[in-house]
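Undergrad: Can you read through this structure? Questions will come right after.
The values are calculated or read from the model by the stated rules, or taken from the named source; none is laboratory data. Remember, it's a predicted structure, so these values are computed and weren't measured experimentally. Note that each Cβ is placed from the backbone with ideal geometry, even for glycine, and that neighbours are counted across all protein chains shown. For the accessible areas, the whole protein counts, side chains as well, though only heavy atoms, and no ligand, DNA or RNA atoms are used. Shrake-Rupley method; radii C 1.70, N 1.55, O 1.52, S 1.80 Å.
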Amino acid sequence: MKWLEDQLIDAESARLEWGADPKPVDLGKNGQHLYGYLVQFKVNSRNRFGAYTGMQQHGALIRNGEVVKGLGLGY
């Protein structure tokens, strides 16, 4: 949750919907491995203009209790 709070413009406004249970994955490319557990979720939070963005699908790859890669964030 701390990681997600750091990613959002207005974390206090966030409304979350969690997806399925975390699953082991390899998100590496070109022979490089990036192992972890994928957590999928939807989030609706306010943007820089104070308007809600609508539910958007995101994910986080977690290894050893830390997020090693975020998916779908960066707006």
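Undergrad: What span do the alpha-carbon atoms of the chain cover on each of the three principal axes, reported in whole Å from largest to smallest?
TA: Computed over the Cα atoms, the extents are 42, 24, 19 Å.
Undergrad: Work out the length of the dipole vector of the chain about its Cα centre, built from +1 on the beta-carbon of each Lys and Arg and -1 on the beta-carbon of each Asp and Glu, and round it to the nearest 20 debye.
TA: About 180 debye.
Undergrad: Are there chymotrypsin sites (Phe, Trp or Tyr not before Pro) in segment 4-67 that DSSP puts in a loop and that have at most 15 other Cβ atoms within 10 Å, and which ones?
TA: For chymotrypsin sites (Phe, Trp or Tyr not before Pro) across segment 4-67 that sit outside H, G, I, E and B with at most 15 neighbouring Cβ atoms in 10 Å, the list reads 49.
Undergrad: Of the chain, which part is the longest with no trypsin sites (Lys or Arg not before Pro) in a loop (DSSP not H, G, I, E, B) and with at most 11 other C-beta atoms within 10 angstrom?
TA: 1-28
Undergrad: Ignoring ligands, DNA and RNA, please state the percent of accessible area on the chain from carbon and sulfur, probe 1.4 Å.
TA: The C+S portion of the solvent-accessible surface of the chain is 47 percent.
Undergrad: So, one more: Tell me whether segment 17-58 comes out rounded, prolate or oblate; compute the Cα gyration tensor, take square roots of the eigenvalues as a ≥ b ≥ c, and use a/c under 1.5 as the rounded threshold.
TA: It comes out oblate by the Cα gyration axes.
Undergrad: Same structure, new question: Keeping all protein chains in place, calculate the accessible area per residue for the chain (probe 1.4 angstrom), answer in Å².
TA: With all protein chains present, the chain gives 72 Å² per residue.
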